[in-house]
Each structure stands twice: as C-alpha cells, then as structure tokens.
1. Being within 14 Å of another protein chain (Cβ to nearest Cβ) and within 17 Å of A:ARG225 (Cα to Cα) is the filter; apply it to region A:158-196 and report the residue that is nearest to the chain's Cα centre (by Cα).
2. Name every residue in region A:61-80 that is small (Gly, Ala, Ser) and out of contact with any Phe, Trp or Tyr (no Cβ under 7 Å at 6 or more places or on another chain), in order of residue number.
3. Among A:ALA72, A:ALA12, A:ALA91, which is closer than 20 Å to A:GLY297 by Cβ, under 25 Å from the mean Cα position of the chain (by Cα) and either in contact (Cβ under 8 Å) with a residue 12 or more places away in the chain or not in a helix (DSSP H, G or I) (or both)?
4. Of all residues in region C:248-273, which are of a type outside the set (D, E, K, R), touching a residue at least 60 places away in the same chain (Cβ under 8 Å) and within 11 Å of chain A (Cβ to nearest Cβ)?
5. For region A:202-226: of the residues being small (Gly, Ala, Ser) and within 23 Å of the chain's Cα centre (by Cα), which is surrounded by the most Cβ atoms within 10 Å (Cβ to Cβ)?
6. Any idea which residue in region C:30-53 is nearest to C:SER263 (Cα to Cα), counting only those that are among the charged types (D, E, K, R) and surrounded by 24 or more Cβ atoms within 10 Å (Cβ to Cβ)?
7. Quick check on region A:87-97. Is at least one of its residues of a type in the set (A, V, I, L, M, F, W, C), within 17 Å of B:MET70 (Cβ to Cβ) and within 9 Å of chain B (Cβ to nearest Cβ)?
8. Counting residues that are in contact (Cβ under 8 Å) with a residue 60 or more places away in the chain and within 20 Å of A:GLY222 (Cα to Cα), which strands (runs of 3 or more DSSP E) fully inside region A:238-277 reach at least 1?
Amino acid sequence: MSVQVPPVIVGAGPAGIRAAQALVGRGLRPVMVDEAPRWGGQIYRQPPAHFQRSKKALYGWESGRADAVHEAMSGVLDRVDYRPDTLVWNAEAGHLDLLHQGRTSTLAYSQLIVASGATDRILPFIGWTKPGVYTLGGAQVALKYQGCAIGSKVVFLGTGPLLYLIAYQYALAGANVAAVLDTATLADQVAAAPALLARPSVLAKGLYYLAWLRAHGVRLQGGVRALRVLGDARTEALVWADARGEHTLACDAVGFGYALRSETQLADLLGCRFRFDDLARAWLPERDVAGRSSVPGIYLAGDGVGIMGADAAEWAGERAALALLSDNGHALDAPGRTRAAALERRLAGAARFRGGLERAFPFPLRWADQAPDELVVCRCEEVTAGDLRRTVSSTGATELNRLKAFCRVGMGRCQGRMCAAAAAEILAHCSGQQPAQVGRLRGQAPVKPIPFMDCAPADSLPREESA
Amino acid sequence: MSDPQPIGPTPASQFVRLAETQREPVPFTLDGRACHGLAGDTILTAVLAHGLVLRHADFSGEARAGFCLMGACQDCWILTAGGQRLRACTTFIAPGMNLRTRRPGDA
Amino acid sequence: MTEKRLVDAAIIGGGIVGSSAALALRGMGLSVMVLERDLCGAHSSGVNYGGVRRQGRPLTQLPLSRRAHGIWGRLRELIGIDGEYLRSGHLKIARSEADLASLEAYRERSAGYGMDLRMIGAGVLRAQYPWLGARAIGGSYCPQDGHANPRLVSPAFARAAARAGADIREHCPADEMEHDGQCFTVSSGTALQVRSRFLLNCAGAWAGTVARRFGEAVPMVSAHPVMAVTEPLDMFMTLSLGVEGGGIYGRQAPRGNCIIGGSRGYAIDACRARPGHEAIAHVLQRSVELLPALRHAHIIRAWSGTEGYLPDREPVIGHSATTPGLVHGFGFAGAGFQIGPAVGEVLAELVRDGTSTTPIAAFAISRFADAAHLPPEGGP
C-alpha cells in the first residue's frame, strides 16, 4: 500500500531535510515546501549561491553538520518535489495553500510533516523599535546570509546559548562587539552544569565561545537588565543595569533575544491539540515520542514543535518520517525499529539538556513587573505595556484574545510573533494569573501577509448579501 | 543621568559589510538618490548599507529599519515609488528598483 | 454548594442583543441576570463586519433600524465609549441598469423611514469616489449610515449593563431551563441556579436550542460570514461600501485597515468558525475590481464567526408562542449589529409592558409553527 498523494513536508531546515531523506529512502517522493530560496533552515541557512565564504567561515564548528545536512538535501533533490520560495499561508484538513512569486495555489496532502522552525523570543525594552535594534537571529542572518554586521559597534543582549554564539561569530568575522550582556548570572550557569553535561560537546562549545570572547577582550556581563536604547532617529547607546547600578554603553546596534519561540501557526490551523509547556513557558502542539500530533496524518518535528536545537531537529525529522512510514503501510523492519528507538533515546537526552539550558539561561521572570508603562510591547500596532494594563483594569479582561480584541495587541502584520510572549507576561502579571492561564493567540490564515490578486473576477462563486 | 558620549564619526548607514564585497553592483534608487547594492543583497541590506531607515511606523511615524531579518516580524515592508510593498529582508535587490522610505505627502 | 438567585428577568446570551436588553431592563428598575456561555460580545456581536447600516434592510426591519439609529447617536452616553463609530455614509453600488432600478425602487419604498437615500449617477460617482472600480455605474447613498468596531462596542454594552446593576455571568452556559407555569429555572452546571419570571432568549446562533426546549423549534441554520483585513493603508474609502445583488463589501477603519467581507467559512466546532481557502481566495479575487487601490495591499488575517439564519432571513423577535414570560430575540442573519440595541430595548418593553412601541409582528416565532418539515438544527 502506498500513500494516495505524496507526503508533504513543510520546512527545509534540518528536521525537514532528514524527514525527506528518510521518506525517499523508502521510495516515496515527498513534496517539500520552504519559504526560503535555499534549503538549510535558519541555523544552516545558505547565503545566495554565488557568495564566496567557506562553510567553515559561515558555520564555524557547525560546518561539518551544516555540510552533512546540505548534502543530505542535495542527495535527494532529484527524488523530491522541492518548492522553495513558497509560503504556506493556510493549512486545512487535506490541503495547504501556498504563495509563490505572487500567485496562490493549493496543495493536497494526506500525510504532512510540519517542520516550521522557530524565531527569537522577544522581551522588549524601551527603544527596541529604533533602527539599529535587531534580534539575535536577525544579527546572525545579517552576517551569515549577507556578510554584514548590524552596525559598527554592536552590543549583544539577552540570554541563551545563541547570545554567545553570535557574539563569537561577529567578533571572529571582524565586527566590533562592544559587550555581551546576559540577563543570567554565573550562579545560574553553575547550577545548570550537571544537566548540561548531558551533551558534553555542546557544553564544551559554549564554554569555548565564552573563553574565546574573554580572551579577545570582549566585555562580558551577567546579571544584566536592559533598560533602554538612546538615540533620536537611530541607536546611539544602550542603558542597562545590574546590581551595581545603571550603565550607559555607546553603540550603534543592539542584537537581543531570550532563547527561541516555536512557529506553531500551521499546527494550530490544522487543529492540533496544544498544551502549555512550563519549560518553554509557551503553548506547544502535543506530540508523541515519534512526533505524531493529535491529528492523524499530521506529524511535527524540530524547533517548530518545541525548541530542541539543530541536532535534535535532525533526529526528530527522521523519527517523524519513520512514524509516517510505519503508519502508512511501510512497516519498519528490525533495523528501522532499532533506528527509531535510537532516535527516541537521543531526543530524550536532548530534552534533558534543554532543561539544563533553561536553568543556565533562565527566563527573566521579573520582566513584566519591571516593564514601564511607556514600553511598546506590540511593535506592529504600537501598543504599550500601559495600554495593556489600562485595558485589563477598565474591561476586566483576563484572556489574551480578549485583550487583543480590546487593545489590538497582536493584531498587526506579524500576528503576535514578536509580542505574544511579552503580552502574556504582562497580562498574567497584572491580572494575578500564571502565564499558563491567560490563553494564547491563535494562528489565523493567512499566517503571513498575502497580496491581493490582480485578476479579473467573473467566476461562479455564490452571490453574497452585503452587510 | 547624563547623555552618552558620542561614539566618534557616526556612520551614515546602519549595516557594515564585513565580507562578500566582491559582487556585481546593482543600481537602484532610494528616495530619489542613485545608489547601488551588490548582487545577492536583500533590499534590506542594500538600503541599510546606504542609510538608516526602511520605513516609518504606521501610527507614530517613527523610523523603522527591520528587526528579525527572517520574514517573521513583518516590520521591513518598504514602498516602491509605484506604491508596491516589498518585504525587504526576503526580497533581493534588483536593478532599477525605485524605493521610498516615506509615503508621498509625509514630511 | 449551588448559588441560587431570583431575578425579574434572566437573559441567555451576552451579545449585543442580550446586553442591550439587560441595560434597558435595568433602566426600568427590573433585576436582571445575563448568562453568557463564553465572554460577552465575543461571538457574532464581536466579530461581525461592523456595518451600522439601515439601508438595504427589508421594510419590516426599518422601524427597528430607525429606532436603533437614534440609539447609536447616543452611543458614548449609553456605553461610555465611541467604539470607533463613524457616520461615514453607506454607498450601495450598482453594476447594471437592473441594479440601479432595484435601488431606486427600494429608495421609493423606504421613503418614510428617514434614511434620506440619494441615487448617484456614474458621473458623480467617478468625481466624488474616484477610488471605486470601473464596474460601479452608480449607487444609492445613505449619508448617515456608517460603521463601528464590534469588538469594542458589543462588550461595552455588557459592561454598561453591569454598571447599571445587571448581574453578568460569563463562562456560564445555560445548561437546563424549565418553566413551572409561573417561573423559569435556569441552571448552569451545579454552580448556579437562577429563577425568574421572564426569560429572554438572546442566544444568537444557538438560540434555536432554547426555542426547541420550550416546544417551538425553528428552522434556523448556522453560517459563517468571512472577514479579511488589510494592513493599515492611507485613507481612501470615505464611506462604507456594499454592492447591490451581493458581492464583497468593505469599509476602512480609522486606523487605515480595510475590512472586506462577502464570502463564507465553516465551523470548526460548535462555537468556532474559520475561513477556508475558497473564502479567502474569493476576497483576493474580487476586491481589486471593486477597490483598485487594494492592488498593492495585502490581507494580513481573516476570520469568521457564527450567525443564525432563518429561511426568510428575518429574525425572531417577540413573545414565545408556547410559554408565558419567554421572549425571543435572535436569528439576525448576519445583520444584527445595527439593530441589536433597538431589539434589546424592545425585548425590555415586552417584559415590562407586554407590547412594544416598535412594530415587530413580522418577526413572530409563530410563523414557523406550521413548518411541516423542520430541517435539523444547523447549530449546536
């Protein structure tokens, strides 16, 4: 028995690529839809084809893995239906809606693997919407994808392993890194060490970046709180505080972020059940150990179902593909079952490591309490923390969608990608609730802006009453 | 708290090219000025290698210059002279593009 | 321990109809409890297109609509916010001579209702509304019709009712309801039991369940109008737009986003709906023809809700035909936002006086009593 229509994979990052490889290995020809022009996802993003830098220069210690993932995709390219530069803007039972070069189309599926990846998790500070302020991931894209630094004197800020990796990559590439400011403390990192030893090579890399930055004179500070960016029309300085008081650091660019947040809009539109994950401090779609969602035929893998890192994303993608195969008449043979079990063990180890990372780079729990009223939380609609608090007090709203309906937070072009975490923190704090209790913003089609079609009408759709 | 010390000659552009500078120039127009990017630049890179601004926020009018660089934040939609909107971080600069960082009629 | 309450009137449904009824009843000095299954104004009342429009309604609705127009004129005084309400004018465009004739006929028939409708010819249309697409050859203009933000307005009616002393219960579904000949008893789980002499059925698309419970099932089905919204655009739509004979309709909110309606979505469960891709494609394909300025714009999200439709597309308003003290106000077929506040006042009058000063005979539930074959409930 074979699947009626080809399986579809959304996302050509490490998870999507390993899923494709596993499916192709059993003779299937998946469709792979990816928003980017080249495969690799974010962590292994490839610059435009004619760029010159080596993989070593682009990915450093990850170049071996990056190369392996890129080559895996090259190796199956002739046996997949690969759709780059294609946005999945809607997902429903049995079909996806795509946008490619300004035109929309529909893709049927019966089995689907969603490997939609992640973006930076943002907790804003005053001035974060100014020119010169970018996410850590964005700062990395500027360097990796375009060979640029985000400014001539850059401060990196926030927490998470990405903070040190990007600072290291920038300094190595010759950028002027003024400081790396971590909201976590040394005590956090020491306490996390035992859990981090679950993946000693990853821990070693992290320590290496720290040591390298120190050795190269890059200022490192822990226990930091970001206060504001100064400057009229651009970034001119960052003001931050620690136990000793306030400090001002002249700079023309800030890259910041607090770990990652999963892109879950498609899983939401597909009707997958979600649950609140305390470690991620976010609602995530449920998945079993193999990656099956709550909806038959829908599999979830990689950072898009829960932040797990690039290596784990590869394992999760492959494991989900094996589940898809065994659920659809391609029973796994003994080596296949052994492989599936091995992948699950590795994923379990990665989850333990994840716990350690969260301990080493904890979420700044006091952020909402300390956020001033004038702080813009939703940058699309320009809604401040004060607006949120005033709305809660004047309407009694205790739920995030209700808050959105009343004051427009999350109602802009990005559908809350940048502001939902921060808005949930503020709502929880000022309404006396836990973040798990305030609900979540729902994905709405189109999940990203799509253009009006400039074509003549006169089709046979039924006439509707006007309002 | 006093104002920060100036950091010296402040570059008139945001992005700094560190590598990949040996690429074909791509001529385009930015707010009426002739500029060039390099083949393979996104619009965002090409514009911010020349200046500090991509657009102005819808309600406050404050300058914006992108944020996530990966097509998620939707804050880098730049206008063309013909009224089109292009997402600057995911659209490559093309020869002859005529871009505006302000809407007509704005100061 | 079950909370037990006794009020003059219990209202099922905290949308704009139920909330405005609660507000009106409080103004009459009656005690009121509203049982809202979810959050007040979160369903149809809160997610509709936002048209505040008299023009185009069947003549039977015009007395109600005129009454509502007066209420909308006092909106801030009544609910404390302006809810982005604008008397922008409403233009119903014609694409053919037949459309024009139809609009002209409506204008004549509705002449006594104070809408001041004016026919506009092609020349004036081009001159005054150059942003309209070429297929519009004329239209009917109602200067004082307009639009508002339902997400703000409908919940504000509930808050106003609460400030006036109504007992508003959210997350409080009406699970069981009975009448013992004198008095209603409505229970919400085991937590709450309310007894009242009057029961108002303002349960929107779900009101058929209440009607059926009291032996007067109606052939109401649910449908799901879809709205799509653009990013903020420079203001160009100086009025709210509809199309004679059907099609998409649109308005531009004060912040610049254009809201476009005119297609159908589907239910994802008993309470929620979403647009499907046909609905979004319909809006994408049709909007630029009507509004060429949208050719460089984007849809940034779309949504749907759940509306109740009766076969004649007229609501049920009035006394129950089976149960004394039961009063219905539901089934607005997607056009309940403008008249909702007037319906609320009328329901309150029915409670206090037994009759209303506004004619509602056309909306009697008894018109369905002879229906030999009632299709299965389209709603939950």
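The values are calculated or read from the model by the stated rules, or taken from the named source; none is laboratory data. These numbers come from a predicted model, not from an experiment. Positions of Cβ are backbone-derived with ideal geometry, glycine not excepted, and every protein chain shown enters the neighbour counts.
1. Only one residue tops the list, namely A:GLY158.
2. From region A:61-80, those small (Gly, Ala, Ser) are A:63-64, A:66, A:68, A:72, A:74-75; that's our starting set.
Within region A:61-80, A:SER63, A:GLY64, A:ALA68, A:ALA72, A:SER74, A:GLY75 meet the criteria.
3. Working: A:ALA72 fails: closer than 20 Å to A:GLY297 by Cβ; A:ALA12 fails: closer than 20 Å to A:GLY297 by Cβ.
Being closer than 20 Å to A:GLY297 by Cβ, under 25 Å from the mean Cα position of the chain (by Cα) and either in contact (Cβ under 8 Å) with a residue 12 or more places away in the chain or not in a helix (DSSP H, G or I) (or both) holds for just one of A:ALA72, A:ALA12, A:ALA91, which is A:ALA91.
4. Narrowing region C:248-273 to residues of a type outside the set (D, E, K, R): C:248-250, C:252-254, C:256-263, C:265-268, C:270-271, C:273.
With the extra rule that they be touching a residue at least 60 places away in the same chain (Cβ under 8 Å), the set shrinks to C:249, C:253-254, C:259, C:261, C:270-271.
Matches in region C:248-273: C:TYR249, C:ALA253, C:ILE259, C:GLY261.
5. Only one residue fits best here, namely A:ALA226.
6. Residues of region C:30-53 among the charged types (D, E, K, R): C:36-38, C:53.
Cutting the leftovers down to surrounded by 24 or more Cβ atoms within 10 Å (Cβ to Cβ) gives us C:36, C:53.
Values: C:GLU36: 28, C:ARG53: 19 Å.
Per the criteria, the residue is C:ARG53.
7. Filtering region A:87-97 down to residues of a type in the set (A, V, I, L, M, F, W, C) leaves A:87-89, A:91, A:93, A:96.
This time we only want the ones that are within 17 Å of B:MET70 (Cβ to Cβ), so: A:87-89.
Retained after the next criterion (residues that are within 9 Å of chain B (Cβ to nearest Cβ)): A:87.
Checked region A:87-97: at least one residue is of a type in the set (A, V, I, L, M, F, W, C), within 17 Å of B:MET70 (Cβ to Cβ) and within 9 Å of chain B (Cβ to nearest Cβ).
8. Working: elements: A:245-250, A:253-258, A:260-262, A:274-277.
Qualifying strands (runs of 3 or more DSSP E): A:245-250, A:253-258, A:260-262.
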